[in-house]
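Only one structure is covered here, and it is reproduced in the block below.
The values are calculated or read from the model by the stated rules, or taken from the named source; none is laboratory data. The model shown is predicted, which means the values in this text are computed figures rather than measured ones. Using ideal geometry, Cβ is built from the backbone for each residue, glycine included, and neighbour counts are taken over all protein chains shown. In case anyone asks, the SASA skips ligands and DNA or RNA and just uses the protein heavy atoms, side chains included. Shrake-Rupley method; radii C 1.70, N 1.55, O 1.52, S 1.80 Å.
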Amino acid sequence: MTKISIIVFSGTVDKLMPVGVLSSAAAALGYEVEIFATFWGLMAFRKDMAEKNMKISKEYEEMAEMMFKIMKEKNMPSWVDLIRQAKEIGNVKVYACAQTFDMFGMKKEDLIDIVDEVVGAGEYLERAKEADITLFI
Amino acid sequence: MSDVKPTKVIDARGSFCPGPLMELIKAIKEAKVGDVIAVYSTDSGSKRDIPLWVEKAGHELIGVYEREGYTEFVVRKKR
């Protein structure tokens, strides 16, 4: 079985969208999907952040308003919805980085329900080693 | 015009990449071998994604038709 492993380091919506789109496409194709959320990427999975995140990459800041307006007008699914849909149709796991988790004093219940487990860097690497495609976003 | 009558029509117009592909895969999963599924899509990714997946998954692409403002893909489940 084909497996894709994505490290999500970024917490801005313009970078989280491709995480959602690629995860749902991969799940539809029958790939196994593993998402390892770390640093700002993990912060984006917090309940108080996930759906109201309006951040985009600093260098494209001036485009933020337009981007969110278009997304709303075209009724595009959010990156969270895309990952949720991917989980409904396929084998998709979201792992939270243990180091980030401890560093920011997070609790599992602070994170949205699509996060499966908290794992360390060692376990992540062992899992990613088996992947056919690895991405850092 | 295709003269094959679809068993099921999925209207995925307005859905973004990879929405139409996902809906097709879901419909194929639920269909019986020999069933014909038609998908309507306005997403540009579908034009390559759908034929590629149909071939890889071993089904039959009966046709791709340019309609007014959207594309129709007609697929037969082969296995």
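Can you spot a residue in region A:113-123 that is touching a residue at least 60 places away in the same chain (Cβ under 8 Å), within 18 Å of A:E51 (Cβ to Cβ) and under 17 Å from the mean Cα position of the chain (by Cα)? Yes, the conditions are met somewhere in region A:113-123. Restricted to region A:1-95, the set of helices (runs of 4 or more DSSP H) holding at least 2 residues that are among the small types (G, A, S) and either more than 19 Å from A:I137 (Cα to Cα) or under 10 Å from the mean Cα position of the chain (by Cα) (or both) comprises A:13-28. Please tell me if B:K29 is open to solvent by 20 Å² or more (accessible area, probe 1.4 Å) and within 14 Å of chain A (Cβ to nearest Cβ). Considered against the rule, which asks whether it is open to solvent by 20 Å² or more (accessible area, probe 1.4 Å) and within 14 Å of chain A (Cβ to nearest Cβ), B:K29 comes out as yes. Against the definition (within 23 Å of A:S5 (Cβ to Cβ) and in contact with a strand residue (DSSP E or B) (Cβ under 6 Å, 6 or more places away or on another chain)), how does A:G41 come out, yes or no? When the stated conditions are applied, A:G41 passes them. Residues considered: B:D49, B:D43. Of these, the only one that is under 23 Å from A:V21 (Cα atoms), among the charged types (D, E, K, R) and open to solvent by less than 30 Å² (accessible area, probe 1.4 Å) is B:D43.
Contact annotation: residue pairs with Cβ atoms under 8 Å, 6 or more positions apart or on different chains, pairing a residue in region A:49-66 that is under 15 Å from A:S10 (Cα atoms) with a partner that is in a loop (DSSP other than H, G, I, E, B) and of a type in the set (S, T, N, Q), are A:N53/A:T12; A:K55/A:T12; A:I56/A:T12; A:S57/A:S10; A:S57/A:T12.
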